[in-house]
1. Taking a threshold of 28 Å on the Cα-Cα distance, which of the pairs LYS141/LYS220; LYS194/LYS220; LYS93/LYS194; LYS93/LYS220 fall above it?
2. How big is the chain along each principal axis, measuring the range of its Cα positions in Å and listing the largest first?
3. Any idea what the dipole of region 468-549 comes to, in debye rounded to 20, about its Cα centre with Lys/Arg Cβ at +1 and Asp/Glu Cβ at -1?
4. What is the distance in Å between the Cα centres of region 177-226 and region 27-90?
5. Quick one: grab the alpha carbon gyration tensor of region 307-369, order the square roots of its eigenvalues as a ≥ b ≥ c, and give me rounded if a/c is under 1.5, else prolate or oblate depending on whether a/b is larger than b/c.
6. Which residue, chosen from TYR158, ALA284, VAL226, occupies the Cα position most advanced towards the positive end of the dipole of the chain, where the dipole is computed from +1 (Lys, Arg) and -1 (Asp, Glu) charges on Cβ about the Cα centre?
7. Could you put TYR260, TYR405 in order, starting from the residue whose Cβ has the fewest other Cβ atoms within 10 Å?
8. Bin width 10 Å, alpha-carbon pairs only: give the P(r) of region 468-549 as whole percents, running from 0 to the bin holding the largest distance.
Amino acid sequence: MNPTIGFLTMSAAVFGAGTPSLDDAGLRAVLAQRLQGDRTGACFAAAIVDERVARAVVCADAKDQRSIDAHTAFEIGSVSKTMTAALAAELIKEGKLSLDDPLAKYLPDGIEAPEFEGTPILLRHLTTHTSGLPALPARMKPARADDPYASLTTEQLYGSLADVRLSAAPGTRFAYSNYAMMLYSDIIARRAGKPFDTLIKERLFEPLSMRDSHLGDPPKGVRAAVGHLQTGARTSAWHLPTNVAGVGGVRSSLDDMVHYVEAQLGKRHSALDPAIEMSQRELADVRGTRIAMNWLLSGKEGATVHAHEGGTGGFSSLVMFDRSRGRGVVILSDTALTATGGLGRLGLHLLDGSVPVEPPRRIARPDAKLLEALSGDYRLDGGLAMNLRRKGETLVIQAAGQSAYTMGYDSAGDFYPLDFDALLRPERQGDGNYRFTWLQGGGAMTATRVAAPGAGAAGMTKNIELGDAQRREYVGVYPLTPTFSLTVTDDDGVLYVQGTGQQRIAVEAVEKDVVVAAVVGAEIHFERDAAGKVIALELRQAGQKLRGVRQ
């Protein structure tokens with residue numbers, strides 16, 4: 001849930017008047033609006049906790065429910081981190097930990113913690129993702145790509161600290177780090193004097209009556225959901241070493257997660273209440289990114305929304321709640337959807353209807369001009385060379401020294417390999433040409449063109465100069481939601497677009513009624529009525545499309 005630089009940071013806006021309470025049928029209708037016909041084939045099990053609890057299970061294929069019900073156990077991935085935060089808060093209250101303790105205090109003998117110019121990493125930096133530690137331990141060597149954490153050793157976990165060179169003082173930058181939370185999980189278990197699976201069972205699952213929830217082997221009678229790639233193919237479950245499982249190893253059911261959300265809202269009481277309240281308190285605000293103990297925060301004081309998404313190789317999850325309104329949402333999916341945008345926008349709609357429902361990603365046919373414009377040679381951030389070429393009405397991708405793969409295309413404007421799990425997201429630049437973002441394995445890399453114009457790079461174009469009259473045609477305010485608008489202005493011959501609460505961004509025209517904000521990877525398409533007057537725009541960014549009618 002790393003925040004976007006501009007435009008799509010709608011979750012930080014103040015919510016609107018709210019959504020009427022939904023019953024099971026109403027929730028099912030919303031899920032179907034988002035999911036049915038989606039090319040991923042995903043299933044959702046979701047609940048809204050309000051004056052009452054609404055539950056529903058919906059699949060992209062209405063005839064395929066995949067034997068999922070309210071007691072089916074899903075991998076919840078990084079939502080586990082919020083549970084780890086509650087366990088840490090309990091130990092803090094018992095005097096066994098302090099957020100202001102240095103990481104070095106809890107390391108095994110012979111292991112040193114990295115510092116930046118004498119500034120140490122504190123435990124608060126681990127739980128707010130401001131430690132400066134990398135996303136994963138450098139010495140982690142997965143034996144299987146589809147089960148990457150299973151072979152992680154304690155030696156790799158702690159030995160990787162020797163490879164870290166901090167580039168800034170801890171606490172000054174937000175950078176999501178699974179590595180930081182692996183360390184914290186192990187520290188919590190060792191300070192509690194119990195294996196992490198025993199600790200979370202005794203101190204969280206049992207007090208909250210989460211009877212289906214578990215680490216490792218499931219309790220008797222609990223059925224596990226099967227995970228899927230976003231291509232629809234089945235994939236392996238993930239297995240994490242016990243003491244680092246607080247990073248993302250929990251498996252839980254819809255009913256259990258309802259209990260968890262009720263506890264976060266103060267509607268289900270237990271001895272865990274003080275720890276839950278502590279874990280929800282804001283600890284850091286780093287350049288507008290607000291973080292509690294593993295909860296990401298948005299909204300204003302008194303109406304704060306807590307949220308966390310999770311994703312594993314075959315599952316996605318989301319927990320989001322507004323304690324001031326007594327309303328919370330949980331969504332569990334049996335498909336890895338991180339690369340296609342995750343569950344955040346759907347969660348925002350269910351929490352408050354001011355954000356429109358994202359439409360299904362349907363299989364689509366790419367425009368021939370797009371295929372031509374993308375064709376050429378590229379190089380990823382890490383140096384890998386890749387070639388894109390048109391083959392009929394499809395795109396073929398081939399990395400240096402590897403086989404060629406045919407790509408599908410969907411209605412969100414993304415390409416995807418038909419044979420493995422990845423995503424190619426085209427991004428138009430200010431000169432009218434394209435680069436792309438390659439999303440795979442939870443990472444995102446930018447690919448920039450290396451072929452010269454005319455050398456296998458058909459469709460190379462230039463930006464368009466807009467006259468004064470043309471720029472004035474676009475000026476106006478275009479609400480995308482009741483609380484978030486794009487304002488288009490013409491200032492000294494330059495066209496600017498500004499999202500609510502954001503800085504304005506200069507945009508460049510690349511074709512008739514299409515402008516690009518390359519710095520945030522966004523295209524804006526203006527819409528005209530029969531008389532030729534501009535009446536609306538559509539924002540296309542990060543695989544999402546939002547329409548706003550001009551005020």
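FYI, it's all coordinate maths here, none of it is from the lab. Small disclaimer: the values here were computed from a predicted structure and weren't measured. Heads up, the Cβs are rebuilt from the backbone with ideal geometry, glycines too, and the neighbour counts pull from every protein chain shown.
1. Values: LYS141/LYS220 33 Å; LYS194/LYS220 22 Å; LYS93/LYS194 17 Å; LYS93/LYS220 33 Å.
Those over the limit are LYS141/LYS220; LYS93/LYS220.
2. Result, largest extent first: 70, 52, 49 Å.
3. Working: 9 positive and 12 negative charges, 56 e Å.
That gives region 468-549 a dipole magnitude of about 260 debye.
4. Going from one Cα centre to the other spans 20 Å.
5. On the way: a/c = 3.44, a/b = 1.62, b/c = 2.12.
It is oblate, given that a/c is not under 1.5 and a/b is not larger than b/c.
6. VAL226
7. Numbers: TYR260 29, TYR405 16.
Fewest to most other Cβ atoms nearby, the residues stand as TYR405, TYR260.
8. Histogramming region 468-549 at 10 Å steps yields 18, 59, 22, 1 percent.
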